[in-house]
1. Would you pick out the residues in region 1-36 that are of a type in the set (Asp, Glu) and either more than 15 Å from GLN52 (Cα to Cα) or assigned to a loop (DSSP other than H, G, I, E, B) (or both)?
2. Are there any pairs, at least 6 apart or on different chains, whose C-beta atoms fall under 6 Å, with the first in region 53-65 and over 22 Å from THR31 (Cα atoms) and the second modelled with pLDDT under 95, and if so, which?
3. From the residues in region 37-57 that are in a loop (DSSP other than H, G, I, E, B) and either of a type in the set (S, T, N, Q) or in contact with a helix residue (DSSP H, G or I) (Cβ under 7 Å, 6 or more places away or on another chain) (or both), which one is surrounded by the most Cβ atoms within 10 Å (Cβ to Cβ)?
4. Take the residues of region 1-36 that are under 19 Å from SER67 (Cα atoms) and in contact with a Lys or Arg (Cβ under 7 Å, 6 or more places away or on another chain): which is surrounded by the fewest Cβ atoms within 10 Å (Cβ to Cβ)?
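The values are calculated or read from the model by the stated rules, or taken from the named source; none is laboratory data. All figures in this text were calculated on a predicted structure; none of them were measured in a lab. Note that we place each Cβ from the backbone using ideal geometry, even for glycine, and neighbour counts take in every protein chain shown.
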Amino acid sequence: MVYRSIGIKIQQARQELGLTQEELASRLGCTQAALSNYELGKRRVYLAGLEQIADILGKPLSYFLESIARPDEDDSQNWHSRYPYR
């Protein structure tokens, strides 16, 4: 879910600038397939890569992270039930 949220933001910012996946991928030095996987949340974007994406797209890093900064209380409860302290 976290990767998908970031991917949606990447896609939105890219489309706002009128860039294709191929154009952004070229600027990033990655393949179009890799960028597609970032946008679909199928591949993790490391912080250094996200900083590069933010710079190219003219967005602050916080733009991509704001949707994941505060998990819902339900999410944190689910996390604790899945990973109980032992």
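1. GLU16, GLU22 - these are the residues of region 1-36 that are of a type in the set (Asp, Glu) and either more than 15 Å from GLN52 (Cα to Cα) or assigned to a loop (DSSP other than H, G, I, E, B) (or both).
2. That search, which allows pairs on different chains as well, returns nothing.
3. VAL45
4. Checking each candidate, the answer is TYR3.
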